Every structure is written in structure tokens, then in C-alpha cells.
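What follows is a set of notes on a single structure, which appears directly below.
Bear in mind that the values in this text are calculations on the coordinates, not laboratory data. Everything numeric in this text was worked out from a predicted model, so none of it was measured. Note that we place each Cβ from the backbone using ideal geometry, even for glycine, and neighbour counts take in every protein chain shown.
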């Protein structure tokens, strides 16, 4: 069984009784890996051919929110959102990407392009730079969410960012 969670792929298989450890506690959580060496035989005793199987997997997993931190590139003029995989803006348009975010200062919703700009940094981060008369020197707490339906922030395969809500960041 192959699963994907929190940016990690896990392959689970059941070992034949003859090769299972006497106590599964001997290997759980200790970072052990199964390596097949030598001759592998089937249930009928037939020797299995050694080969490498290469399969392309289509990325069907959307990127997810990981964290938010105050500051942008050493400045206090904004904050940085981090995701669990590399992201991009559809058609390389940061202006459109900015509209996928909902940033609130109390009851006021900031306007993309007027109160803030966005940029991708280090592949998996979005830097949000506050600007304009009301926010260029802002100090306080903001709440960040995505719109109900994200359209313009995607991963490299085109999967739209998973929705997230009310992530608080304190700007000093």
C-alpha cells in the first residue's frame, strides 16, 4: 500500500511469516529499511529475476499550508507563508496569486496589489510584503486564509493549494 501524508510517501508491505522479526517492537520507529539481497525465490521456489522497475507517478496531491512567520527577506514589512511542497502562480502571475489569499486586519480585508504584494521564495514559500499608506509601517496581528476556492496558487503539477483558514501572524 502506498500512502502520502505531510509531504512524505510511505510504502507498506507485509513480510512473510518466515522472515518477520519475532517482536515487531524490535524495528518500529527505529528507521530500519528493508533491503533485499541475494536470491529471492517465489512461493513455488522459482528464482526471481532482479530488475529495477521505474514507474512515473502523476502528482495528484495539492500543496498544503505548513507555517507562517513574521518578516520578509530580513524586513518586518510583511510575513512568509511556507508550504509542504514547491508552489507557483498560475501563468507566473503573482498578481493573480495574491487574490487567492484573504488577509484580515480585524474587520478589514486587505486588497491584493494595493495593501500587499506576493512573491515565491525558495520554491515552497510565499512572501507577502505589506505596502500602501495603511500597511507599509503596520504593526499588529493579521489573520491569513485562502479563498474558498483557490485558483492561482498551485504546485508544479498544477494542483491548486489546499484551503487554509485564520492563520495568525504578529507583525512588529
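A few remarks follow.
- In the stretch 65-171, Cα pairs under 8 Å separated by at least six residues give a relative contact order of 32 percent.
- Extension gain, residue 59-residue 102: 0.36 nm per intervening residue step, less the Cα-Cα distance, totals 12.8 nm.
- Using bins of 5 Å that start at zero, the share of Cα-Cα pairs per bin across the stretch 68-172 amounts to 2, 14, 25, 28, 18, 9, 2, 0, in whole %.
- Cα-projected label distance for residue 86 with residue 148, points at 7 Å along beta-carbon direction, nm: 3.4
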